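Student: First the structure, then my questions, so here it is.
The values are calculated or read from the model by the stated rules, or taken from the named source; none is laboratory data. Every value quoted in this text rests on a predicted model; they were computed, and no experiment measured them. Cβ coordinates were reconstructed from backbone atoms using ideal geometry, including for glycine residues, and neighbour counts include every protein chain displayed. The protein model used for the area step is the full one, side chains on, heavy atoms only, and it has no ligands, DNA or RNA in it. Shrake-Rupley method; radii C 1.70, N 1.55, O 1.52, S 1.80 Å.
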Amino acid sequence: MATESGQAYERLPEDETAPLEILYEDSYVQVSTRALVIKRYYFPSFGSRAIPWNKIEWVHLARDANVKCYELKDWGMGIGSIWWNCRSRLIVRGTRPYTLKINGLQNTLASNIVVKVKNAWIRPGSYVDRPDLAMAAI
């Protein structure tokens, strides 16, 4: 772990031959030619986790990874093997000011990704703003 301007992140192996090109980015994930970066991952520092592509077995939407409702959590690990980045998944802002609504399970599963890292039991999970664009970039 290293810090840069107060932000903790994992260092990627330096590969001078591969240019860094960002294919997709939002407030929660960054997809580049070198790695998948999950933002707001580590507790309590809000640090990012960078996972190089050669360490990833697969990336699926939560619904395609057969994620169950009891495996969801706003931050950390629920009952299961997925560590989620910091983001409210089940209770979200309503359309009117100062209102909250419960996000439907199908919508939640369609807007979160799960990553299977080689030789790891814990699977990182993250919300994505545009799941269609993120999965196309992945």
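Student: For residues in segment 20-48 being within 9 Å of the chain's Cα centre (by Cα) and among the basic types (Lys, Arg), which is farthest from residue 133 (Cα to Cα)?
Tutor: 40
Student: Does residue 62 satisfy the condition of being at pLDDT 85 or above, open to solvent by less than 30 Å² (accessible area, probe 1.4 Å) and either among the aromatic types (Phe, Trp, Tyr) or within 16 Å of the chain's Cα centre (by Cα) (or both)?
Tutor: In short, yes.
Student: Does segment 121-138 hold any residues that are open to solvent by 30 Å² or more (accessible area, probe 1.4 Å), among the hydrophobic types (A, V, I, L, M, F, W, C) and assigned to a loop (DSSP other than H, G, I, E, B), and which are they?
Tutor: 121, 122, 138
Student: Another question, if that's okay. Examine segment 86-107 for a residue that is surrounded by 14 or more Cβ atoms within 10 Å (Cβ to Cβ), modelled with pLDDT of 90 or more and touching a strand residue (DSSP E or B) at 6+ places or on another chain (Cβ under 8 Å), and state whether such a residue exists.
Tutor: no
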